[in-house]
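Structure first, commentary second.
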Amino acid sequence: MKPFMRYFKNLRFKHKLFLSYSLVVVIPIMILGIYSFERAKFALEVQVENKWRVSLTQSASNIDNKVKQYESVADFIGINKRIQRILKNDYSDMFLLYDDMTHYLGPTLSDILYLNGDIDKIMIYCNKDIPEYGQFTRSSARVSDSSWFKEALTKPSLYDDGGRVFAVRKIVSINNSATDLGVLYMEINVGKLLQGLAESITDQYGITVLDKHGNTVYARNTFIDSKYALNGSELPDTISHKMTFNGETYRFIRSEMPESGWSIYFYTPQKLMPVHGRDIIEATVLIAGICLVVLILIIWLFSNTFVKRIAWLNRMMLRVQNGDLQVEVSSDSSDEIGELINRFRVMLKRINNLIDDVYRSEITQKEAEFKALQAQINPHFLYNALSLINWKAKMIHAKDISDIANSISRFYRTTLNNGKNVISIRDELRNTQAYLEIQSVMHDNGFEVRYDVEEEIYSYDMIKLILQPIVENAIHHGIERMIEGRGLIVISGRLEGDSIEFLVSDNGPGMEQDVIDGIFVKQSVGYGLLNVHNRIRLFFGNAYGISIASDVGEGTIVKLQLPKFNNVSGY
């Protein structure tokens, strides 16, 4: 006992809980479940077997009644005086024979077929030399060598021949029983005869009907898996039995039909037998429910002290795993779980500090690279030179030169933006407009520019030099590659919920998808689209940036997604 207690003491907490719950709940439930199952299995097998037996007995009785009905039909035909006269060929005038066959024999047998839907065919094989009439009379010489014909001369029989079931009996003279007039042949529609067989049973089962020689007359099953179906030769010759076939245990019932000499087998695998042990199930559920309530109470008591805090810590860790590093965790407990929570808090704080350091380092590096480029330009020299060019142009009335000088001056003034990285959307659009005016002159006014910008977005800010590289890309890779037609660049901007969306489209030749994919995996020359995309994501987060849609021959659309942003820090 001591070794076991020492082993139990050293187990992990979750293992102790598992063993405790097993002793309190699992073992009693297992014992009760096994007992209930065995009792239910026995009771339900008896119940289902009785149900089958009643249904099968009723079905067999119905079939026998139909066979008796066939016998009545055969009796009617066999003792009918006018049919006897026809079979005897007791006519002095053949016209009268044909008249009886046409106006009596044919209609009478047709009426019998109509009133008995499961009789498909009635044929009389005549011993006398009587003309063959329609589908109702033939000479017995045609079938005199058949085994069923020979047996019919000795006793009425029901035959199964290659899927056809027919009843045969000898017709004798009502005046002299020693005189044979022929043999009556009635072909039965087995499907209609047996269509009501056990139709009240909705479970999975198989039914097979064998004739007195062991041949299969009818077979039907409702198994979802056809592997459970049995052949007639595989069925045992007993009244009620269990049998094992191909590893499956079957239950079956056999019922005899004296009138036809047939046997009906009803069978199903034991594992497919239906279960309806309501009383036992209710008792089991009741006891299991009580045990479950006790179990829930135990779990609740433990969760308030240990498990609940572990589950809470696990949820916080899951939030961190999903990218939420701003969760707040702390504990005033000094046990192992409290120490774990507090150590996780310290670790999370250090991770956040490291991420902030790396983030600020990357921003500083990018802005240093950008400002290094700006530093290459002497703003005062550039402004003074452009002002001089503008003045000289006006002196000689060269308006085109004056306009382009003003455009260049406006472009560089908004580009430098007094050294600030953030610019208003209005000034960013002015920067882009100035750049496009310069490019239009350089391209001999070879393309058109349209603007569709909502007034509401002018009150927001963005980082500078975002639209200009996109427009530059539209000119160099779209407009300049057009073979014919006039180029068109459309710049639109609008509010989309909490975001601002710009679209820059051109009617150039477009590009393949692999070219688009390449833009986002390698650095372009200068401040290309990849640089713009990275600057936006670095400044505003990964939810923002650019996306490109293009089809060859259809032009290109660059979508720019930015947050609604106002620069209150003056950055």
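The values are calculated or read from the model by the stated rules, or taken from the named source; none is laboratory data. Since the model is a prediction, treat every value here as computed from it, not as a measurement. Cβ: placed from backbone, ideal geometry, glycine included. Neighbour counts: every protein chain shown.
Observations, loosely collected:
- Positions within the stretch 73-118 being without any contact (Cβ under 8 Å) to a residue 12 or more places away in the chain, aliphatic (A, V, I, L, M) and closer than 21 Å to Met186 by Cβ, in sequence order: Leu113, Leu115
- Meets criteria (among the aliphatic types (A, V, I, L, M) and at pLDDT below 65) for Ala372: yes
- Qualifying residue in the stretch 424-431 (condition: within 54 Å of the chain's Cα centre (by Cα), over 21 Å from His533 (Cα atoms) and touching a residue at least 24 places away in the same chain (Cβ under 8 Å)): no
- Flag for Tyr451 being among the hydroxyl-bearing types (Ser, Thr, Tyr), under 25 Å from Ser407 (Cβ atoms) and assigned to a helix (DSSP H, G or I): no
- Qualifying residue in the stretch 48-67 (condition: touching a residue at least 12 places away in the same chain (Cβ under 8 Å), under 29 Å from Met101 (Cβ atoms), crowded, with 16+ Cβ neighbours inside 10 Å and among the aliphatic types (A, V, I, L, M)): yes
- Of the residues screened, Ile341 is one that is within 43 Å of the chain's Cα centre (by Cα) and assigned to a helix (DSSP H, G or I).
- Note on the stretch 432-448: residues that are assigned to a loop (DSSP other than H, G, I, E, B) and touching a residue at least 24 places away in the same chain (Cβ under 8 Å) amount to 2.
- Test for Leu184: is it in the same structural domain as Arg254 (by TED's automatic domain parsing) and modelled with pLDDT of 75 or more: yes
- Screening the stretch 1-13 for residues that are surrounded by 11 or more Cβ atoms within 10 Å (Cβ to Cβ) and part of a helix (DSSP H, G or I) and picking the one that is modelled with the highest pLDDT gives Phe8.
- Any chance Glu454 is surrounded by 14 or more Cβ atoms within 10 Å (Cβ to Cβ), of a type outside the set (Val, Ile, Thr) and closer than 13 Å to Ile491 by Cα: no
- A Cβ distance below 6 Å, combined with a sequence gap of six or more or placement on separate chains, defines the contacts here; from the stretch 340-356, residues that are within 12 Å of Gln326 (Cα to Cα) and among the charged types (D, E, K, R) reach residues that are surrounded by 12 or more Cβ atoms within 10 Å (Cβ to Cβ) and modelled with pLDDT of 80 or more in the pairs Arg345/Val329.
- For the stretch 273-293, the criterion of a residue being modelled with pLDDT of 70 or more, within 22 Å of Ala229 (Cβ to Cβ) and loosely packed, with under 13 Cβ neighbours inside 10 Å is satisfied by no position.
Every residue, every condition in (1) part of a strand (DSSP E or B); (2) at pLDDT 80 or above; (3) on the phi > 0 side of the Ramachandran plot, yes or no:
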position	(1), (2), (3)
Gln204	no, no, no
Lys212	no, no, no
Tyr218	yes, no, no
Thr238	no, no, no
Met243	yes, no, no
Ile264	yes, yes, no
Lys271	no, no, no
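- Residue within the stretch 154-170 that is touching an Asp or Glu at 6+ places or on another chain (Cβ under 9 Å), among the aromatic types (Phe, Trp, Tyr) and assigned to a strand (DSSP E or B) present: yes
- Checklist (1) without any contact (Cβ under 8 Å) to a residue 40 or more places away in the chain; (2) on the phi < 0 side of the Ramachandran plot; (3) not β-branched (Val, Ile, Thr) applied to Met511, failing item: (1)
- Residue count, the stretch 99-148 (criterion: among the aromatic types (Phe, Trp, Tyr) and modelled with pLDDT under 85): 2
- Residue that is at pLDDT below 75 and either surrounded by 11 or more Cβ atoms within 10 Å (Cβ to Cβ) or in the same structural domain as Asn322 (by TED's automatic domain parsing) (or both), where the choices are Leu354, Leu429, Leu388: Leu388
- Of everything in the stretch 171-183 that is small (Gly, Ala, Ser) and outside any strand (DSSP E or B), the residue that is nearest to Asn89 (Cα to Cα) is Ser173.
- From Thr137, Thr154, residue being β-branched (Val, Ile, Thr) and surrounded by fewer than 17 Cβ atoms within 10 Å (Cβ to Cβ): Thr154
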